[in-house]
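The structure appears right after this line, and notes come after that.
The values are calculated or read from the model by the stated rules, or taken from the named source; none is laboratory data. None of these values were measured; they are calculated from a predicted model. Cβ placement follows ideal geometry from the backbone for every residue including glycine, while neighbour counts extend to all protein chains displayed. What goes into the accessible areas is simple: the full protein's heavy atoms, side chains included, and nothing from ligands, DNA or RNA. Shrake-Rupley method; radii C 1.70, N 1.55, O 1.52, S 1.80 Å.
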Amino acid sequence: MNKIISKEYFSDNVVKLEVEAPLIAKSRKAGHFVMVKVGEKGERIPLTIADADQQKGTITLVVQKMGVSSTKLCDLNEGDFITDMVGPLGKATHIENFGTVVCACGGVGTAPMLPIAAALKKAGNKVVTIIAARTKELIILEEQMRQHSDEVIIMTDDGSYGNKGLVTNGIEDVIKREKVDLCVTIGPAIMMKFVSLLTKKYNIPTVASLNTIMVDGTGMCGACRVTVGGKTKFVCVDGPEFDAHQVDFDEMLMRLGGYKDIEREELEKMKCASGARP
Amino acid sequence: MDIAEERAQEWRVNLRNQMKAKERTDIPRVHMPELDPVYRSHTRLEEVNLGLTPEMAMQEAKRCLDCANPTCMQGCPVGIYIPKFVKQIETGDFGGAAKTLKETSALPAVCGRVCPQEKQCESQCIHTKMKKEAVAIGHLERFAADYERESGNISVPEIAPSNGIKIAVVGSGPAGLSFAGDMAKYGYDVTVFEALHEIGGVLKYGIPEFRLPNAIVDVEINNLRAIGVKFINNCIVGKTLTINDLKQDGFQGIFVGSGAGLPRFMNIQGENLVGIMSSNEYLTRVNLMDAASEDSDTPVFMGKKVAVIGGGNTAMDSVRTARRLGAERAMIVYRRSEEEMPARLEEVKHAKEEGIEFMTLRNPVKYIGNEQGRVTQMILQVMELGEPDASGRRSPVEVPGKTETLDVDEVIVSVGVSPNPLIPHSVEGLEVTKWGTIAVNNDTMQTDIPMIFAGGDIVRGGATVILAMGDGRKAAASMHKWIQNRDQLVADNC
C-alpha cells in the first residue's frame, strides 16, 4: 500500500500524483517504471516514473485517463492508498555526453522525459526539448522542462500555444538548424513511429521509450513483446527504451489495440455504474 | 528416532501383524472421486479431484506393507516419512499423519495435489514390483493435510529456539516456501520477499483453481507465518532492494528461488499477432488476476477455437482453462506423440474427459491474422517419429510437404520458459550458466557467492513444484551447516 501525498490536475484528464515509496525513490533512475494496481481486483499497469524525492521518500507519477485502470488511479485523492506498487523496473536510460540531444515528447510522455532530460543536461549535453500536444491545455511540465533544457520548443496541433504543427515539424526545424547527435522520444506509439521515420531519414540515432501492455512487468508473461531488429524483445526487461529505427511500430500499434473492444465495454460499464453518461 | 526405530515401535508392529501381506496386496487401489467431466468443463473454480473419505483413506492405507526398506521414501525429493504417515492414517490418527508430513514438507496439501507421484514415491512402491498398482500415497497425503485443515486443529511443527540470525528468501514459490519453513524450524529469523502482489509464486499465478485452490495455498502460507516466517510482497530483490541493502540490514544468508521467467516462443511468422500469448500470460491473467470474473479489471480473451502448443503440465492447465472459459474447441498441438508427452498421466486423462482434442505429431509453422491483426488460422506441419534424441524420446521429423490449416481465434504457446533474468542480471559476480540459470553446487545449492544459495526453476530452468521444494529443503540444510561452521570458526579463532 502506497499513500498519495499530493495530487495536482494538469488538465481534466491528466493528474500528477506524488506517492510515498521510499525504497523505489532511493533506487530508481531515469527511464525506470513501476507497476501499479488499484483495488483488490485491479489491473497491473506500467507507469514510467516522472520524478523522485529521496529525502521525502516519494516518487511522482503523471497519469492520463485512458481506460478503466488509469481512470481509477486518477480518481484517487490525496491521502488515499494505491493498493499495490512495485519497482523500479526496466533498464535505466543510457546517459552520456552525446553532444546535442533532442527530447521529443508528446502529451503525458513529457512526464517520463523530465528525468531523462535532466540527466542528459547534467551529463553535459545541449538539450533541446520539444513538447507537443493537441492543444494548449495539454502542454504539461513546461516550466520544469525549461529548468533542465537549453531550449524548449512548444508545438500544438491547433496552434493555440507555441508553434502550430506536429512534434515532427519541431524536430525537423532543429535538424535543419544544427547538428543533432541523438533524439529521445516518448509519447503515443503513433507519434514515436513518425518521429522515428523522420530521424531515420536524417540518420540521427533515436531512442524510443515504449509503453506496451504488461501483466506482471517482471519478465514473466511476455505480453509486452515487440519486434526490434527482427527479433522478439520484452519491453519490461530488455527495455523500455530501444533503438527506435529498429522497432516495428506497426506491430506494436496492432498489439496495443488487442484489448480495445473489451476495454471499451468495461469503461462503459464503469461510467454507467458511477452514474455518468456513457 | 531413525526410520528403523520408528518402524520397530509397538504400534507399528501390532498394526503390521493385524493383516497378512497377501490380504493387503489383494485390496484394489482406491479411486479418487472426481467431479463429473461435463459439469466440470464449464466450471472454472471447482476442484476436479474431490478427495478421499476417511473410510477410503483408512482402507487404502491398509494396502501399504510397511516395508523394512521403504523405497518410496527414496522417490520423494523432500524425504517424507511415508510409511509412518500412511500407518497413522490406517489407525485413524489423521492429525498425527498431518504432523508427520509437516516434519519434512512445508506444503503437504499442495504436494498431495500437484506432485507427479507416479514418477516419484509411487513409482518406487513395492506393489509396482509385484505388477500391482502402487499405494495411492499422493491421495493419502492430500487426505491427511485436508483433514487437518478442515478440522481447524492445525498443529504447528516443532521449532528450535530463535538464534536471531536474519535470512532472506527471494521469491515465495515452492522453493522459497520450502526453504523458509525449514530455516524457521532451525530457529532462523526468515523474511520472504515477493515481487508480485500475492504470496505463493507459481502456486498462485500458474496452477489453476480446479487443480489447486488458492485458499489452500493461503492456509499453507499462514502455517509458515505461524512459525515466524515474515512475508513482504511488491518487493524485488535486485531492483527495489539490492543484495547489499540486505547485507546492510543484517541478513546473513540469502536463498534465491525467483523461478521461471521469460516465456519461450517459437520465432515463427505471425507469432506476435493479437490473440497469441504465452501460457504464463494466459494463466497469470486467469489465476492471479482473476480476469474471467466480472469484477476483475484485467481483460482476457475467451476464445472459441483455442489451440495450446506444447505437451507439458502447463499446456494441460492452459487448455483445460480455455475449455472452462467457453472454448468450443480446445486443442493440444504437440509435435511428438502422446507417449512422449511430459504432462502427468492424470492431467492428460482429465483433459480428455473434458473434451480436449489432442492433435499430436503437429507443429505450428505459421500464423495468419485478419485486418485487426487478430489470429484467425494456423498452419501445422505434420510430423512423424524418427530416431531417439538426446532426451531418449523419439524425435519428431517433418513429413515433407504435408501441412494442415486450422481455424483458431486464440493460441497459447506453452513450450517452456527461460529462468527469470532479474537476479542473474542484477547481482554482480554471481555465476550464471549459458542457459541463464544460476550455477550452484548440486550437493549444497550454494552459489559462487558463499552467502547466496539458490534452487527451483532459477537453477533448473523449468521443473516441478516438488523438485523446487526438494531444492529449498536441501539448501536450508546446507545453509544451516554453513552458518554453524562459520560461527564455529569464529568461535575457535576468538
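Tell me, which strands (runs of 3 or more DSSP E) wholly within the range B:341-390 include 3 or more residues that are in contact with a Lys or Arg (Cβ under 8 Å, 6 or more places away or on another chain)?
Ranges flagged: B:357-360, B:375-388.
Can you name the residue in the range A:48-68 that is touching a strand residue (DSSP E or B) at 6+ places or on another chain (Cβ under 7 Å) and open to solvent by 10 Å² or more (accessible area, probe 1.4 Å) and, of all such residues, is nearest to the other protein chains (Cβ to nearest Cβ)?
It comes out as A:Ala52.
Among B:Glu271, B:Glu340, B:Glu294, which is the only one that is among the acidic types (Asp, Glu), closer than 30 Å to B:His197 by Cβ, outside the structural domain of B:Ser178 (by TED's automatic domain parsing) and touching a strand residue (DSSP E or B) at 6+ places or on another chain (Cβ under 7 Å)?
Sole residue among the options that is among the acidic types (Asp, Glu), closer than 30 Å to B:His197 by Cβ, outside the structural domain of B:Ser178 (by TED's automatic domain parsing) and touching a strand residue (DSSP E or B) at 6+ places or on another chain (Cβ under 7 Å): B:Glu271.
What helices (runs of 4 or more DSSP H) completely inside the range A:175-278 contain at least 1 residues that are within 28 Å of B:Asn420 (Cα to Cα) and among the aromatic types (Phe, Trp, Tyr)?
It comes to A:249-256.
Based on this model, can you work out whether B:Gly171 counts as more than 22 Å from B:Ile82 (Cβ to Cβ) and either in contact (Cβ under 8 Å) with a residue 40 or more places away in the chain or aromatic (Phe, Trp, Tyr) (or both)?
Here the answer is yes, as B:Gly171 does meet what is asked.
With respect to B:Val38, is the statement that it is among the β-branched types (Val, Ile, Thr) and open to solvent by 50 Å² or more (accessible area, probe 1.4 Å) true?
Details: among the β-branched types (Val, Ile, Thr): yes; open to solvent by 50 Å² or more (accessible area, probe 1.4 Å): yes.
Yes.
Please determine whether any residue of the range B:251-266 is over 27 Å from the mean Cα position of the chain (by Cα), within 14 Å of chain A (Cβ to nearest Cβ), surrounded by fewer than 24 Cβ atoms within 10 Å (Cβ to Cβ) and not β-branched (Val, Ile, Thr).
no
Residue-wise test of (1) more than 16 Å from B:Cys115 (Cβ to Cβ); (2) surrounded by fewer than 22 Cβ atoms within 10 Å (Cβ to Cβ); (3) aliphatic (A, V, I, L, M).
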| site | (1), (2), (3) |
| --- | --- |
| B:Ala136 | no, no, yes |
| B:Asn153 | yes, yes, no |
| B:Ser162 | yes, yes, no |
| B:Ile167 | yes, no, yes |
| B:Pro174 | no, no, no |
| B:Val190 | yes, no, yes |
| B:Phe193 | yes, no, no |
| B:Val219 | yes, yes, yes |
| B:Ile227 | yes, yes, yes |
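Under 7 Å by Cβ, and 6 or more places apart or on different chains, what pairs join a residue from the range A:227-239 that is facing another protein chain (nearest Cβ under 9 Å) and among the hydrophobic types (A, V, I, L, M, F, W, C) with one that is outside any helix (DSSP H, G or I) and open to solvent by 20 Å² or more (accessible area, probe 1.4 Å)?
Cβ pairs passing all conditions: A:Phe234/B:Leu262.
Exactly one condition in (1) in a loop (DSSP other than H, G, I, E, B); (2) modelled with pLDDT of 95 or more; (3) more than 27 Å from A:Cys236 (Cα to Cα); (4) acidic (Asp, Glu) is not met by B:Glu198; state its number.
Only one criterion is unmet by B:Glu198, namely (3).
Exactly one condition in (1) assigned to a helix (DSSP H, G or I); (2) buried (at least 22 other Cβ atoms within 10 Å of the Cβ); (3) out of contact with any helix residue (DSSP H, G or I) (no Cβ under 6 Å at 6 or more places or on another chain) is not met by B:Val286; state its number.
The number of the failed condition is (3).
Yes or no, residue by residue, for (1) in contact with a His (Cβ under 6 Å, 6 or more places away or on another chain); (2) touching a residue at least 40 places away in the same chain (Cβ under 8 Å); (3) on the phi > 0 side of the Ramachandran plot; (4) surrounded by fewer than 24 Cβ atoms within 10 Å (Cβ to Cβ):
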position	(1), (2), (3), (4)
A:Phe98	no, yes, no, yes
A:Cys103	no, yes, no, no
A:Met113	no, yes, no, no
A:Lys121	yes, no, no, yes
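List the helices (runs of 4 or more DSSP H) that sit entirely inside the range B:60-125 and contain at least 3 residues that are farther than 19 Å from B:Asn223 by Cα.
Fully inside the range B:60-125 and qualifying: B:71-74, B:82-90.
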